[in-house]
Amino acid sequence: MSAIYPTSNIPFIGSEIEPDYTTAKVAILPIPYEATTTYRRGCVNGPSALLDASQQLECYDEELDRETGLEVGIYTHESIADTGNGKKILPLDMLKVTQETVEKLVNDGKFVIAIGGEHSITNGIVKAYQKIYLDEKFTVIQIDAHGDLRYEYEGSIYNHACVMRRIIEMKLPTIQIGIRAICKEEADLIKEKNLTVFRAREIAIQPDWIERAIASIQTQRVFLTIDLDGIDPTLIPGVGTPEPGGLNWYSLTAFLRKLFELHEVIGCDIMELAPVTDSVVSEFTAAKLVYKLIGYQALAQGW
């Protein structure tokens with residue numbers, strides 16, 4: 001069963017570090033959109049749960065030896081595409097408001113981290129960056145248990161199981177990490193298009209996977225999308241479609257730190273958090289992951 005959180009926003013990691021919009025370098029964008037969940041529902045509550053859990057984070061990052069939030073400024077945007085309380089929003093409307101909001105934030109100089117909500121949201125986010133960077137390619141790096149490469153699912157091409165297929169149709173290079181559940185259609189597409197996939201069962205026995213994954217990136221700019229089921233469900237059980245055998249915390253953060261050091265990460269999202277009743281493990285871990293992304297970006301940018 002999913003826990004239910006209020007849809008009103010509270011600032012990420014606490015109001016004491018909430019800066020003026022004009023001075024913040026980072027913008028957290030909550031998108032509590034849920035329309036095509038196919039197993040365990042509840043990701044509409046993910047953004048509020050993550051923001052609530054972030055109040056318990058230490059502002060001091062012991063790995064980076066700094067109080068990152070105080071130094072860079074984190075602005076929490078109001079929720080968009082909110083489907084709480086039974087509200088209906090069509091997929092194309094969700095994509096439109098997401099794209100327009102991300103464009104504005106990026107054009108205002110913000111490093112955007114979107115929090116969802118179902119993974120289909122990523123389509124609108126990536127479209128925003130594609131418009132901003134015009135014809136300049138960037139790589140979409142997906143951390144996920146699932147391929148999300150179906151052409152359509154349950155009658156919709158905007159199903160969360162199709163998000164990476166839509167991104168491939170945007171003619172953007174992709175790298176998939178942590179994959180361990182695909183259908184035959186997806187397996188055939190991976191072979192046909194020679195897609196770059198680092199499967200979880202290979203990562204588990206290949207200590208050099210981080211170096212190989214980084215070496216496979218062919219563009220300097222990257223966009224990072226994280227479906228939380230890419231992480232092992234013993235660490236984050238609160239997801240819509242859990243799969244055993246995912247990434248562990250230190251392997252994941254080691255990869256992320258190296259990625260930010262060697263490439264220009266233009267934006268990120270963290271999707272599919274579906275809180276579990278009587279447990280805060282999933283949302284707290286997700287909040288800490290958001291703070292790690294901010295810290296690695298701050299380090300890379302010299303903030």
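Across region 263-284, what is the total count of residues that are out of contact with any helix residue (DSSP H, G or I) (no Cβ under 7 Å at 6 or more places or on another chain) and within 17 Å of Ile143 (Cβ to Cβ)?
2
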**Study point:** Residue that is farthest from Glu118 (Cα to Cα) [pool: residues in region 230-248 that are hydrophobic (A, V, I, L, M, F, W, C) and within 15 Å of the chain's Cα centre (by Cα)]
**Key:** Leu247
**Study point:** Only listed residue being farther than 29 Å from Thr101 by Cα and out of contact with any Cys (no Cβ under 9 Å at 6 or more places or on another chain), chosen from Thr253, Thr277, Thr241, Thr285
**Key:** Thr277
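From the set of residues in region 180-196 that are assigned to a helix (DSSP H, G or I) and aliphatic (A, V, I, L, M), which is surrounded by the fewest Cβ atoms within 10 Å (Cβ to Cβ)?
Taking region 180-196 as the starting set, the residues that turn out to be assigned to a helix (DSSP H, G or I) are 184-193.
With aliphatic (A, V, I, L, M) added as a condition, the list becomes 187, 189-190.
Numbers: Ala187: 13, Leu189: 19, Ile190: 17.
Of everything passing the filter in region 180-196, Ala187 is surrounded by the fewest Cβ atoms within 10 Å (Cβ to Cβ).
Would you mind stating whether Pro237 is under 17 Å from Ile270 (Cα atoms), at pLDDT 95 or above and outside any strand (DSSP E or B)? If you could, list the steps in order and put the result at the bottom.
Numbers: under 17 Å from Ile270 (Cα atoms): yes; at pLDDT 95 or above: yes; outside any strand (DSSP E or B): yes.
So Pro237 passes the test.
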Practice item. Scan region 1-32 for residues that are part of a helix (DSSP H, G or I) and either modelled with pLDDT of 95 or more or of a type outside the set (A, V, I, L, M) (or both) and jot them down. Key: Ser15, Glu16
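Quick one: is Thr101 modelled with pLDDT of 95 or more and buried (at least 23 other Cβ atoms within 10 Å of the Cβ)? Reasoning before the result, please.
On the way: modelled with pLDDT of 95 or more: yes; buried (at least 23 other Cβ atoms within 10 Å of the Cβ): no.
Criteria not met by Thr101.
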Revision key, fill the gap. A careful count of residues in region 141-179 that are under 18 Å from Glu202 (Cβ atoms) and assigned to a strand (DSSP E or B) gives 10
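Quick check on this structure: which one of Thr277, Thr225 is at pLDDT below 95 and not acidic (Asp, Glu)? If you could, list the steps in order and put the result at the bottom.
Working: Thr225 fails: at pLDDT below 95.
Being at pLDDT below 95 and not acidic (Asp, Glu) holds for just one of Thr277, Thr225, which is Thr277.
Quick check on region 214-229: of everything there that is within 20 Å of the chain's Cα centre (by Cα) and surrounded by fewer than 20 Cβ atoms within 10 Å (Cβ to Cβ), which residue is farthest from Val102 (Cα to Cα)? Don't jump to the end; show me each part of the working.
Our first condition is that a residue be within 20 Å of the chain's Cα centre (by Cα); within region 214-229, this holds for 214, 217, 219-229.
If we keep only those that are surrounded by fewer than 20 Cβ atoms within 10 Å (Cβ to Cβ) as well, we get 214, 217, 219-221.
Numbers: Ile214: 26, Ile217: 24, Thr219: 21, Gln220: 21, Arg221: 17 Å.
Selected residue: Ile214.
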Review point. Met170 fails exactly one of the following numbered conditions: (1) buried (at least 18 other Cβ atoms within 10 Å of the Cβ); (2) of a type in the set (A, V, I, L, M, F, W, C); (3) over 18 Å from Glu272 (Cβ atoms). What is the number of that condition?
Key: (1)
Review point. Quick one: is Ala35 under 18 Å from Val239 (Cβ atoms), within 20 Å of the chain's Cα centre (by Cα), modelled with pLDDT of 90 or more and in a loop (DSSP other than H, G, I, E, B)?
Key: yes
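The values are calculated or read from the model by the stated rules, or taken from the named source; none is laboratory data. What you see is a predicted model; the values in this text were computed from it and never measured. Every residue, glycine as well, gets a Cβ built from its backbone with ideal geometry; the counts of neighbours run over all protein chains shown.
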